[in-house]
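**Q** A single structure is presented below for examination.
Throughout, read-outs are computed from the coordinates displayed, never taken from laboratory work. Remember, predicted model here, so these are calculated numbers, not experimental data. Note that we place each Cβ from the backbone using ideal geometry, even for glycine, and neighbour counts take in every protein chain shown.
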Amino acid sequence: MWERIVEEAPAFFTYWNLIFLLKALGATFLLSAAGCLFGFGVGFALAVLRRTRGLGLIWARWLAILFTETFRRIPFLVTLLLTFFVFQALAIDLTLFTIAVISVCLIATAFIAEIVRGGIESVHQNQWDAAEAMNFSYWQTLRLVIIPQAWKVIIPPAFSFFVLFIKDTALASQIGVVELTYAGKVMNNKGFSAALVFGTILILYFALSYPLARFGFWMEKKLAPPRNR
């Protein structure tokens with residue numbers, strides 16, 4: 001095996017092959033980042049919606065709960081294929097990359113909505129009562145009192161979800177999205193050793209996710225409340 005890897009390495013690590021792999025690496029990051037950023041915005045809105053108590057919004061609260069609980073329990077591959085075939089059935093012409101981003105958004109929205117809800121509920125009830133005593137509206141309380149305190153609980157797990165989901169984007173190769181795993185399959189089909197190809201893919205995934213994981217760890221320590229000595 002090692003002899004074959006050494007023999008194939010010069011032909012594998014050519015300029016154009018490296019450009020192809022780096023473009024696939026960029027697509028992997030963009031797929032994760034675009035989906036999770038949009039999912040963060042929508043998930044934040046769903047989490048806030050679940051906290052509202054107005055009778056006029058009860059139907060919206062139940063829809064938010066239904067969406068969150070459903071997509072948190074569906075595997076990403078199922079969501080991806082469902083999204084792909086729904087748009088195909090509706091004859092809506094979207095790129096495969098766009099379909100994959102939408103699928104990531106659906107899953108990210110559900111998980112981040114729960115993370116945000118947990119962050120909001122981590123703020124002590126006394127903070128709500130104090131804001132109410134100062135005649136703050138619900139939205140003023142949320143914006144000025146609750147959310148600033150909840151960030152330190154929300155950001156670390158939300159960022160960890162983003163880093164972990166980078167690996168799940170490999171499933172987008174099942175519908176033909178040219179990300180890292182798909183690029184590895186292409187190179188393997190050209191006759192290169194699977195050990196050489198997917199060993200390189202492994203290194204690229206690590207090179208992408210490890211710095212992000214370290215940044216998330218630093219951010220978690222930065223946001224953590226000081227310990228009493």
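**Q** Per q in 0.09, 0.11, 0.15 1/Å, what log10 I(q)/I(0) does a Debye calculation on the alpha-carbon atoms of the chain return?
**A** -0.50, -0.69, -1.04
**Q** From Cα pairs below 8 angstrom and at least 6 apart in sequence, can you work out the relative contact order of the stretch 1-151, rounded to a whole percent? Spell out each step's value before the answer.
**A** Working: 113 pairs, mean separation 45.8, N = 151.
Reported as a whole number, the value is 30 percent.
**Q** What does the net charge come to around residue 178 if you take all other residues with beta carbon closer than 11 Å to its beta carbon, with K and R at +1 and D and E at -1?
**A** Every neighbour counted, the sum reads +1.
**Q** Continuing with this model, one more query. Build a GNM of the chain with springs between Cα atoms under 10 Å: which of 34, 110, 11 gets the top mean-square fluctuation?
**A** With Cα springs under 10 Å in the chain, the top fluctuation among 34, 110, 11 is at 11.
**Q** For a test of the definition: using alpha carbon positions, the gyration tensor, and the 1.5 limit on a/c, classify the stretch 93-229 as rounded, prolate or oblate.
**A** oblate
**Q** Now a separate question. Any chance you could list the semi-axes, whole Å, largest first, of the equivalent ellipsoid that the Cα gyration tensor gives for the stretch 62-108, using √(5λ)?
**A** On the way: eigenvalues 84, 25, 17 Å².
Listed largest to smallest, the semi-axes of the stretch 62-108 are 20, 11, 9 Å.
**Q** Taking just the alpha-carbon atoms of the stretch 32-110, what radius of gyration and Dmax come out, in angstrom?
**A** Expressed in Å, the Cα Rg and Dmax of the stretch 32-110 come to 13.8, 41.
**Q** Here's a follow-up. Give me the net charge for the shell around residue 114: Cβ to Cβ below 11 angstrom, other residues only, Lys and Arg +1, Asp and Glu -1.
**A** +1
**Q** Mind listing which trypsin sites (Lys or Arg not before Pro) in the stretch 1-106 are in a DSSP loop and have 14 or fewer other Cβ atoms within 10 Å? Numbers along the way, then the final one.
**A** Numbers: sites: 4, 23, 50, 51, 53, 61, 72, 73; in loops: 53, 72, 73.
The qualifying sites are 53, 72, 73.
**Q** Taking a cut-off of 20 Å, what percent of all Cα-Cα pairs in the stretch 151-229 are separated by more than that?
**A** The answer is 47 percent, as a whole percent.
**Q** Please compute the net charge surrounding residue 33, taking Lys and Arg as +1 and Asp and Glu as -1 over other residues with Cβ under 15 Å from its Cβ.
**A** Overall, the nearby charge balance is -1.
**Q** Can you count the Lys pairs in the chain whose Cα atoms are under 21 Å apart, with each pair 8 or more apart or on different chains?
**A** Working: 23/167; 23/185; 23/190; 152/221; 152/222; 167/185.
So the count works out to 6.
**Q** What FRET efficiency do you get for residue 49 and residue 137 if R0 is 22 Å and r is their Cβ-Cβ distance, rounded to the nearest 0.05?
**A** 0.85
**Q** Contour minus end-to-end for residue 11 and residue 81, with contour as 0.36 nm per residue of separation and end-to-end as the Cα-Cα distance?
**A** That pair, residue 11 and residue 81, stretches by 21.7 nm at full extension.
**Q** A further question on this structure: Rounded to the nearest 500, what is the chain's calculated 222 nm mean residue ellipticity when only DSSP H runs of at least 4 contribute -39500 (n - 2.57) each, over all residues?
**A** Values: 10 runs with 177 residues, N = 229.
Computed mean residue ellipticity for the chain: -26000 deg cm²/dmol.
**Q** A follow-up question, please. Using a Gaussian network model of the chain whose springs link C-alpha atoms within less than 10 Å, name the residue from 200, 14, 83 with the highest mean-square fluctuation.
**A** Between 200, 14, 83, it is 14 that shows the largest mean-square fluctuation.
**Q** Comparing 195, 45, 158, which has the greatest mean-square fluctuation in the GNM of the chain with Cα pairs linked when under 10 Å apart?
**A** 195
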